[in-house]
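S.K.: One structure follows; several queries about it will come next.
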Amino acid sequence: MKIKCLLILNFLLFTNVYAQNIASSEIILEGEIEFISKLPNPKKMDYPDCNYSTILNIHSDSKDTRISVVFKGVVNRKLVKTAKFKIGDKVKITLIPFEKASSEIRQTQLVDQIDDFDIKVYYAVNATKIKKYSKNINSKDIVTKNKKVETISILPINRKVNRIRKRNIKSEIKRIDKLLNSHGGTWEQWEKDIQDFKAEYAKATEAQESKWVENSFFSAGKAYADSNEGNFVEAMTSFNAYLKQFNIDLIIVRIPFKGEVSGTIFSDKLTDHVVNPYAMKVTSDLLNNGIEVVDILPKLIEERKKYPLMFWYNDFEEKHPGEPVARIVAKEINELLKRYPEYETIPKIKTNLKDTIGVRSGKQYKWPKGNEVFSPDKLISYKTVKDSFGNMIQLEYDKNKSPFLLIGNSFLAYPSIAKGGSIPHYLTHESGFISDVYYRSGGIGLGRLIYKKGKSYLENRRAMIYVALPQSFQGTVPVIPLAASINNDSYKEKEIIKFNKDNWYKHFVFFPTPGNERTFKVEKSGNILASGEVYVKTNVGDIKVALPNDMKLSKNDILKISFEFKSIGYGEIHVNYNGQEKSFLRSNDRKDGFYENVYFKIDKNTKSNEFTISFREVKRKQLIKEISVSILAPK
């Protein structure tokens, strides 16, 4: 009874301190919503909750008036009141800095389409739509910009570790090439070779077949992504280049679909257990771009009959891994980290394992019928990690205390990160130390989110382990700005051509939106005018720009296109070159400047000698004074 009272008292003290900290950080202000990240359809979301980011133009006399505000959008798959704000709405709002919000809020799935990485991010505690601004609210003291960090402390390159890492990459490339060659040497042929398996497995999936195999339970289920491959390789290659500037190793661990592990249980028409060849292709492409990838699938298949439940096969719709997968992944990560000298120097703690019930989703499962060893009347338990005093291990979220950082979404967090059973917890049990964790439920653009955290978050890091969910591995994810992965000391810039009033007509062709042919013109001043209706979103049209025919590009070059504007005003500018699209937002604030740059990677297949500028959702005129094109070549 005494212990119970102490626990309640500690909880109340913690809650009170947290509430006081939040209250002291609260800021009340008013402003106009300038940009909104689009929420997904709640009925089609994989997760019950989702927040969204906006840009708010503060009503203030200050020089800097733009901040990013995160609102609640979807709760329990329903749109909430704060999801109904529109661009142009005036609001009265109570804010706290986003980093001061609770870990639950920070870890909730977030839709973030804001490309301004310098503005400060806040969380909306309360928000109300208003018709006009009050006279008694002064917002001049709010911080609107993230603190600039020019330099950080970087760990020196360890050449021995680099040799081990390169050897691992080379070995994995060799293994995958051997598998590929056994299928004619092409991914297309490999896909053709497994069609009989896919047809038989599709029937098992449609029938939701399941069975006990000795003392292990399996079901059919999802085994393939919605597309063979997206832009994950491009996104990770850029992210890896960014991390390399700080001597940080990127290691990717892909959690497979549960059907990839159970597939050959339901069909014998497969010889090498690979039911998803294109996941292997993405793995191969990452490896060939110098990114270390841990293919955990062979290990899971090897050990699948050693555990009663690898995934939650008892729940046909549940995609997340069970305890055995999380613990096997943690063991593999631990073995990798042992190569780093910091592994031995980090202070260690003793841990124990304890049985727990109730997974992250809040569900409690009973064992499936059909096996005498596991009673269907008994709840399924899993191991959670405790310290030597029996307390749950407290992870370090969003902090920089360890040279090792684990990043991921809910696939990192199962069976229950809240109860002490997750990949980071099991890694602590294996290694004896607590790694830092960046966990975002539903997060798919994690490289971009890490970049947004700033350089200080990378200080003295040695390795970053990205636990990737299978869908995003073969899908499309947000990419960090190309400029972030460019170390200017490594490139030599050469200007190719400058477009202005002297040569617009020689190189530019205008394609206004049909029915609105007056949207483009060259003014007497020589500036190009792209005009939308004032306060009305207008898709103005496109400008096709011809580049010099004698322009020479080489693989690994970067094409840089620089814009100089003579106006301010809302609008989305999209630039398309050789199938790559980059975009930026323009605001109604003079302080945001008149210069924008976009960058495009050049590869061996780049042949285009033109690019297109598209003007979307323009609410005020856009005046372009000059556009210059340069090539950044590796030194």
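The values are calculated or read from the model by the stated rules, or taken from the named source; none is laboratory data. As the structure is a computational prediction, the values presented were derived from the model and not from experiment. Positions of Cβ are generated from backbone atoms using ideal geometry, with glycine treated the same way; all protein chains shown enter the neighbour counts. Just so you know, the surface numbers come from the protein's heavy atoms only, side chains and all, with ligands and any DNA or RNA stripped out. Shrake-Rupley method; radii C 1.70, N 1.55, O 1.52, S 1.80 Å.
Residue-wise test of (1) hydroxyl-bearing (Ser, Thr, Tyr); (2) open to solvent by 10 Å² or more (accessible area, probe 1.4 Å); (3) at pLDDT 90 or above; (4) not in a helix (DSSP H, G or I).
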residue	(1), (2), (3), (4)
Ser238	yes, no, no, no
Asn247	no, yes, yes, yes
Ser262	yes, no, yes, no
Asp268	no, yes, yes, yes
Thr271	yes, yes, no, yes
Val275	no, no, yes, yes
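S.K.: Do we find that Gln113 is in contact (Cβ under 8 Å) with a residue 40 or more places away in the chain and surrounded by 17 or more Cβ atoms within 10 Å (Cβ to Cβ) in this structure?
M.R.: No; evaluated as a whole, the condition is false for this residue.
S.K.: Of the residues that make up region 224-236, is at least one surrounded by 23 or more Cβ atoms within 10 Å (Cβ to Cβ), touching a strand residue (DSSP E or B) at 6+ places or on another chain (Cβ under 9 Å) and within 17 Å of Phe311 (Cα to Cα)?
M.R.: The answer is no, given that none of the residues of region 224-236 is surrounded by 23 or more Cβ atoms within 10 Å (Cβ to Cβ), touching a strand residue (DSSP E or B) at 6+ places or on another chain (Cβ under 9 Å) and within 17 Å of Phe311 (Cα to Cα).
S.K.: Something else now. Anything in region 482-498 that is part of a loop (DSSP other than H, G, I, E, B) and open to solvent by less than 40 Å² (accessible area, probe 1.4 Å)? List them, or say none.
M.R.: Answer for region 482-498, where residues must be part of a loop (DSSP other than H, G, I, E, B) and open to solvent by less than 40 Å² (accessible area, probe 1.4 Å): just Ile486.
S.K.: If Ile93 satisfies all but one of (1) open to solvent by 60 Å² or more (accessible area, probe 1.4 Å); (2) more than 27 Å from the chain's Cα centre (by Cα), what's the number of the condition it fails?
M.R.: (1)
S.K.: Could I ask something else about it? Has region 60-77 got any residue that is on the phi > 0 side of the Ramachandran plot, in contact (Cβ under 8 Å) with a residue 24 or more places away in the chain and touching a helix residue (DSSP H, G or I) at 6+ places or on another chain (Cβ under 6 Å)?
M.R.: Checking region 60-77: at least one residue is on the phi > 0 side of the Ramachandran plot, in contact (Cβ under 8 Å) with a residue 24 or more places away in the chain and touching a helix residue (DSSP H, G or I) at 6+ places or on another chain (Cβ under 6 Å).
S.K.: Return yes when Asp315 is touching a residue at least 24 places away in the same chain (Cβ under 8 Å), in contact with a helix residue (DSSP H, G or I) (Cβ under 6 Å, 6 or more places away or on another chain) and among the acidic types (Asp, Glu) and no when it is not.
M.R.: Against the criterion (touching a residue at least 24 places away in the same chain (Cβ under 8 Å), in contact with a helix residue (DSSP H, G or I) (Cβ under 6 Å, 6 or more places away or on another chain) and among the acidic types (Asp, Glu)), Asp315 does not qualify.
S.K.: Please count how many residues of region 156-174 are touching a residue at least 24 places away in the same chain (Cβ under 8 Å) and surrounded by 12 or more Cβ atoms within 10 Å (Cβ to Cβ).
M.R.: 8
S.K.: Give region 277-293 a look and list any residue that's more than 15 Å from Asn240 (Cβ to Cβ) and not small (Gly, Ala, Ser), or say none.
M.R.: Selection gives Pro277, Tyr278, Met280, Lys281.
S.K.: Right, next: Limited to region 459-494, what total is found for residues that are over 29 Å from Pro321 (Cα atoms) and hydrophobic (A, V, I, L, M, F, W, C)?
M.R.: 4
A quick yes/no check of all residues on (1) open to solvent by less than 70 Å² (accessible area, probe 1.4 Å); (2) modelled with pLDDT of 95 or more; (3) more than 31 Å from the chain's Cα centre (by Cα):
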| position | (1), (2), (3) |
| --- | --- |
| His320 | yes, no, no |
| Glu323 | yes, yes, no |
| Ala326 | yes, yes, no |
| Lys350 | no, yes, yes |
| Val385 | yes, yes, no |
| Pro403 | yes, yes, no |
| Ser410 | yes, no, no |
| Ser422 | yes, yes, no |
| Tyr426 | yes, yes, no |
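S.K.: Let me ask something else about it. Give me the residue from region 564-588 that is closer than 19 Å to Thr519 by Cα and aromatic (Phe, Trp, Tyr) and, out of that set, nearest to the chain's Cα centre (by Cα).
M.R.: Tyr570
S.K.: Next question, about the same structure. If a residue must be of a type outside the set (Val, Ile, Thr) and more than 27 Å from the chain's Cα centre (by Cα), how many such residues does region 596-614 contain?
M.R.: 7
S.K.: Which residue out of Tyr397, Tyr414 is open to solvent by 10 Å² or more (accessible area, probe 1.4 Å), in contact with a helix residue (DSSP H, G or I) (Cβ under 7 Å, 6 or more places away or on another chain) and not basic (Lys, Arg)?
M.R.: Tyr397
S.K.: Name the strands (runs of 3 or more DSSP E) wholly within region 49-152 that hold at least 1 residues that are closer than 28 Å to Glu596 by Cα and of a type in the set (Gly, Ala, Ser)?
M.R.: Once the strands (runs of 3 or more DSSP E) in region 49-152 are filtered for at least 1 residues that are closer than 28 Å to Glu596 by Cα and of a type in the set (Gly, Ala, Ser), what remains is 50-58, 66-75.
S.K.: Let me ask another. Hey, among the residues in region 131-155 that are open to solvent by less than 90 Å² (accessible area, probe 1.4 Å) and farther than 15 Å from Ser60 by Cβ, which one's modelled with the lowest pLDDT?
M.R.: Going through the qualifying residues, I end up with Val149.
S.K.: Next question. Is it the case, given these coordinates, that Glu214 is within 21 Å of Pro470 (Cβ to Cβ) and either among the acidic types (Asp, Glu) or in contact (Cβ under 8 Å) with a residue 24 or more places away in the chain (or both)?
M.R.: Criteria not met by Glu214.
S.K.: Collect the residues in region 434-447 that are open to solvent by less than 30 Å² (accessible area, probe 1.4 Å) and in a loop (DSSP other than H, G, I, E, B), keeping them in residue-number order.
M.R.: Ser435, Arg440, Ser441, Gly442, Gly443, Gly445
S.K.: Out of the residues in region 407-433 that are among the small types (Gly, Ala, Ser) and in a helix (DSSP H, G or I), which is farthest from Gly390 (Cα to Cα)?
M.R.: Out of the qualifying residues, it is Ser410.
Here's the yes/no breakdown for (1) open to solvent by less than 10 Å² (accessible area, probe 1.4 Å); (2) under 21 Å from Asp398 (Cα atoms); (3) in contact with a Gly (Cβ under 9 Å, 6 or more places away or on another chain):
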| position | (1), (2), (3) |
| --- | --- |
| Ala418 | no, yes, no |
| Leu449 | no, yes, yes |
| Tyr466 | yes, yes, yes |
| Asn500 | no, no, yes |
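S.K.: Check Asn400, Asn409, Asn391 and return the single one that is polar (S, T, N, Q) and farther than 25 Å from Val467 by Cα.
M.R.: That would be Asn391, the only listed residue that is polar (S, T, N, Q) and farther than 25 Å from Val467 by Cα.
S.K.: Still on this model: Taking the conditions exactly as written (under 20 Å from Leu585 (Cβ atoms) and not in a strand (DSSP E or B)), does Leu39 satisfy them or not?
M.R.: yes
S.K.: For region 50-57, check the following and say yes or no: at least one residue is more than 28 Å from Arg586 (Cα to Cα) and over 21 Å from the mean Cα position of the chain (by Cα).
M.R.: No - not one qualifying residue is present in region 50-57.
S.K.: Among the numbered conditions (1) farther than 30 Å from Lys619 by Cα; (2) in contact (Cβ under 8 Å) with a residue 12 or more places away in the chain; (3) among the charged types (D, E, K, R), tell me where Asp89 comes up short.
M.R.: Status for Asp89: all satisfied but (1).
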